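Inspection log for the structure reproduced underneath, given as structure tokens.
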Ligand code: AMP
Ligand code: ZN
């Protein structure tokens, strides 16, 4: 079906489209001709032979004569009539049986066959190809990634098993494509995978597993895989992916953290004794718009900012890092310090009620996140989510105002609009802004081009799936430091490796060598941990280290500093 549509689409483009116009004009000319003959037929029959025929009979006669069928059921019996019938037959042969088929063949069939024959999909890259990014699976995310790669002059190749898709991407969009099955070893060889810079696996989760295993049988090229279900991440990693990106989970969490009204309640990630690691949105805190140095978070609250999440990316902040209103801070400190910060942020989440419109993969992730805070929420979806047995949504079409009204939407303080259809999202945003001017609306854009419309409709914050996904991938490809994208942030405890005792933190080179940062030092024999110790701190034997890093960085640390037996 898809390929028939693709073939038909050929006739709606360029030269073929122009020719289609000529065909219509020609058909109109033929119809006109038949009508003129039909009228003449009636006139001649009446005046030459005194027989009265209807116009329909005239049209029927003209068509049977022009197509040389000539049933002979209606015939003239006068010489003028014979001459007229002969003229109609000859003109039918010329215009209907010669010019029309000839035109169809030369204007449509021949160019189409030629187009198909001319297109030879690439099945192998030149032997010397290297440093390229291989993209398996094309959708809004990878399309945005492609634009970013083009802007950064990073070479890339899209791989697809679908011949028509290859043709479309290559001819219409000028994208470099290789045609072939992503799990065929011969195809992978021809893609020069061993020399590639990165592989982006953006197929279904099972196909990604298959792809990773096939690639690992051949080379060590790093693989970044997008998984649609976070729970599949581990399997894809086991199959050989270096980076696993549960994009829907990241997007859900991103939407959720921006939907709660002012009450910037800390969300606990982990705790080590009295040390707590928590996330808190910048919006609602007094630090919004300031740099880390200006905000003086440490001086005012005793808490250390150990990370910043921005548009799905995690970075380790420096003094100049801007605390953007849209960002999420990762903080380390005691419960009392976190409580003190929550007091600074004003409004309490107790009055919060968030409506989530769309309980798909992203809406479900947002709900899970709010659940853990906890912020009360109500889910609305017209269908059941087969992957979720945790939440109980209200069933109905969210665009039906009555559904939302009956669910009590007027009590909501925040709204997450996350259906898979952008027009629906724009409609829901506009309708909600209209009826509830003060509600906080966070909307999801499935396609980048709809972001301005969502803002225009009244959204306070828009998250574009494609942009977030593409940013994460580009960050990985460019191997920017500390992108914690996988199952979140790993904060882990290790005892001080014996060989580091007596050195300062700076001299230990833990950060440059492993990428992990020290969040806190636990003094030997217990006591209050020192949060984010300065680089000149001397490491003493028996200390506990609390570190933060990606799963890879944690592994790196373990390899470099194996645990003492
Ligand atoms: P996902 O892309 O996995 O986050 O799924 C999007 C969800 O939005 C699906 O569960 C759809 O059923 C839901 N959805 C789409 N349109 C509407 C609508 N008009 N009302 C309610 N839910 C919708
Ligand atoms: Zn759910």
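Summarising the strand pairing of the chain, around 50 percent of its internal DSSP beta bridges are antiparallel. Considering Cα pairs under 8 angstrom that are at least six residues apart, work out the relative contact order of region 137-260 and quote it in whole percent. Rounded, it is 17 percent for region 137-260.
Taking every alpha-carbon pair within the chain, the share separated by more than 30 Å comes to 64 percent. Compute the long axis of helix 465-477 from its Cα atoms, compare it with the longest principal axis of the Cα atoms of the chain, and write down the angle in degrees, 0 to 90, nearest 10. Roughly 60 degrees, rounded to the nearest 10.
The length gained by stretching the chain between residue 530 and residue 69 to full extension, at 0.36 nm per residue less their Cα-Cα distance, is 156.0 nm. Model label sites at residue 234 and residue 48, defined 7 Å from Cα along the beta-carbon direction, differ in position by 9.1 nm.
Rounded to the nearest 0.05, what FRET efficiency do residue 153 and residue 298 have when you use their Cβ-Cβ distance and R0 = 41 Å?
For residue 153 and residue 298, the calculated efficiency is 0.50.
Annotation: the residues 172, 522, 554, sorted from fewest to most other C-beta atoms within 10 Å of their own C-beta, follow the order 172, 554, 522.
Would you mind ranking 168, 300 by Cβ crowding within 10 Å, fewest neighbours first?
Details: 168 18, 300 14.
Arranged by neighbour count, lowest to highest, 168, 300 become 300, 168.
Between 0 and 90 degrees, the angle of helix 14-44 with respect to the longest Cα principal axis of the chain falls at about 30 degrees. Computed from Cα positions, the angle between helix 422-435 and the longest principal axis of the chain comes to roughly 70 degrees.
Based on DSSP H segments of at least four residues, each scored -39500 (n - 2.57), the chain has a per-residue ellipticity at 222 nm of -11500 deg cm²/dmol.
Sorted from fewest to most neighbouring beta carbons within 10 Å, what does the list 61, 112 look like?
By the 10 Å Cβ count, ascending, the order reads 112, 61.
Here the label points at residue 392 and residue 129, each 7 Å from Cα along the C-beta direction, are separated by 5.4 nm in the simple model.
Where a number appears in this text, it was derived from the coordinates with a stated rule and is not lab data. Every value quoted in this text rests on a predicted model; they were computed, and no experiment measured them. Note that we place each Cβ from the backbone using ideal geometry, even for glycine, and neighbour counts take in every protein chain shown.
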